[in-house]
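The values are calculated or read from the model by the stated rules, or taken from the named source; none is laboratory data. Values in this document were obtained by computation on a predicted structure and should not be read as measured data. Note: ideal-geometry Cβ built from the backbone for every residue, glycine included; neighbour counts use all protein chains shown. Just so you know, the surface numbers come from the protein's heavy atoms only, side chains and all, with ligands and any DNA or RNA stripped out. Shrake-Rupley method; radii C 1.70, N 1.55, O 1.52, S 1.80 Å.
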Amino acid sequence: MSSTALQPARGTHDLIGEEHRRHRRVVEAARDIAARYGFEEWATPVFEDTRVFSRSLGETSDVVTKEMYSFTDRGGESVTLRPENTAGVCRALVSNGLTQSNLPRKVFYAGPMFRYERPQKGRYRQFHQIGIEVLGAAEPLADAEVIACGWHIQQELEIAEGTVLEVNTLGDRPSREAYRAALVDYFTRHQDRLSEDSRLRLGKNPLRILDSKDPGDQTLMDGAPTIHDHLTAEAAAFYAALRRHLDTFRVPFRENPRIVRGLDYYNHTAFEFVTDRLGAQGTVMGGGRYDGLVEQMGGPPTPSVGWAAGVERLSLLLEAAGLTPSAPRPAVVVPVGDAAEPQAIAILQRLREAGLVAEMAYRGNLRRRMERANRIGAAAAVILGEDELARGMAIVRNLDDGTQAEVRLDAVIEALAETDVEGALEAAMADELEEGFEAMLGEEEEPDDR
RNA sequence: GCGGCCUUAGCUCAGGUGGUAGAGCGCCAGGUUGUGGUCUUGGAUGUCACGGGUUCGAGUCCCGUAGGUCGCCCCA
């Protein structure tokens, strides 16, 4: 690469070839499964008024304090590239006047998110998330269904064996405040044994000390109070109901009282699907309940629950499991001699109209075209020499086993159905159905002839 | 934002203690103007990430910058 060649901006990456196919597989599987659960897809703007995020994510969260891509536009407004999409979806619910009717609203989304961070494998400045939100449901059954849907998507992607669901409760507001006070009390008494980072957290966000990776901090955890000692009866009942529903949905999970989640808007349910296969980026899907967020956007109280998942991370799991989708295999139409080209184009288009993936090179002799066919992974070649065309015939060659046969032009699709050409089998079957239908119509006409 | 390691052809990588570059794969052309994969012959790969320094001489040593990677922070 020449030194004058432009590089992608730091933390961004191009999705090309296999990587793009994995990416698309993740999004399409999620979209498909979420639709089965009754979620409708929304697309909200990639940038929003900065207050959408500063108001919702918590003034002390890292995302707000140091990771936002914010800038002032030409009109003097402060706008921010979305670092996540839950806040945007809640804003959209309110902006579009959807808070009064038809609740709960079940929303699926997929798209790019932006955080100014130091890039690593599985962590980028522009990355992609899929997510679902149930807006306007206070029942723990909604939490369980949201989690079940996430689990189902991972099963559909065949990566569910590699992840573990960890759940926790953050309680309601009284539970959380009591717990926070107890934690501050405990860690203040042992301040001398806390790491430097955690001493800072003590003043800012004491809950975060719980998932510190510092070995010294870890030794303090066993004696630390847990949220479960401070749950109100209502919060405890909510959590118990969630676990019961998860069992009913047959979603395996592990309780982890240390899960706290980074964004301030969560209450009650908090959960993460984690894996040990992605190094430091172990969280593959994470979410929880956020009963106060819509209100913060200027709407009425609208209890809600959802999750977001990193497409890049799910894609890495697909790659590691050898589950990269293969590219569709085309049929290649090969005219021999210039005079054959017009008829070859007619046949090429007929194949495409029938639903097959078909290609024809723009130039080259037979040998070159065959080489190219092989290179692009074609499953079959339809060879059209002037000799064959004069007899209304074509050669259909299976490029996997090297066998070939001369067939009538109207039997080309049928012959391609014997190969791995994408769409050929379906096209041939559809053709048969049509013929069968025509035959039935023909029989029905017989009585009139009598 | 902090620390470790890394950066040589399109890709994966060799290049003891300094003497101005190599392999495999891939690519292009021929053997083969009606048959791809296999085989065979030939060909082009490059500011050795960038900038500076030491030296007669730097891919090699030193400093800085950028990017990547691993970890911390945090998170998808």
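Please list, by residue number, every one of the trypsin sites (Lys or Arg not before Pro) in the range A:91-164 that is coil in DSSP and has at most 16 other beta-carbon atoms within 10 Å.
Loop-located and lightly packed - A:121.
What residue among A:184, A:151, A:225 has its Cα farthest toward the positive end of the dipole of the range A:100-227, where the charges are +1 on Lys, Arg and -1 on Asp, Glu, each on the Cβ?
After comparing all options, I get A:184.
Under 20 Å from a point 7 Å along the Cα-to-Cβ line of residue A:249: which residues of the range A:160-175 have their amide N that close?
A:160-172
Report the relative contact order of chain A, percent, no decimals, based on alpha-carbon pairs under 8 angstrom and at least 6 residues apart.
15
Return the Cα extents of the range A:331-434 along principal axes one, two and three, sorted largest first, each rounded to a whole Å.
37, 29, 23
Could you pull out every one of the lysines with an alpha carbon less than 25 Å from that of residue A:121, ignoring same-chain neighbours closer than 8 positions?
By straight Cα distance, residue A:121 reaches A:66, A:213.
May I ask for the percentage of alpha-carbon pairs in chain A that lie more than 36 Å from each other?
For chain A, the share of Cα pairs beyond 36 Å comes to 46 percent.
Keeping all protein chains in place, calculate the accessible area per residue for the range A:331-434 (probe 1.4 angstrom), answer in Å².
58
Any chance you could run the full-extension gain for residue A:408 through residue A:426? It's 0.36 nm times the residue separation minus the Cα-Cα distance, nm to one decimal.
Between residue A:408 and residue A:426, full extension yields an extra 4.5 nm.
Out of A:315, A:257, A:267, whose Cα points farthest toward the positive end of the dipole of the range A:162-316 (charges: +1 Lys, Arg; -1 Asp, Glu; placed on Cβ)?
So the residue furthest toward the plus end is A:315.
Can you give me the % of accessible surface on chain A that is carbon or sulfur? Probe 1.4 Å, all protein chains present, nothing else counted.
Exposed carbon and sulfur together represent 48 percent of the surface.
Distance between Cα centroids, the range A:249-295 to the range A:154-204: provide it in whole Å.
11
I want to check the label-to-label distance for residue A:188 and residue A:73. Put each point 7 Å from Cα in the C-beta direction and report it in nm to one decimal.
4.6
Based on DSSP H runs of at least 4 residues, each adding -39500 (n - 2.57), what is the mean residue ellipticity at 222 nm of chain A after dividing by all its residues, to the nearest 500 deg cm²/dmol?
Only helices count here, giving -12000 deg cm²/dmol.
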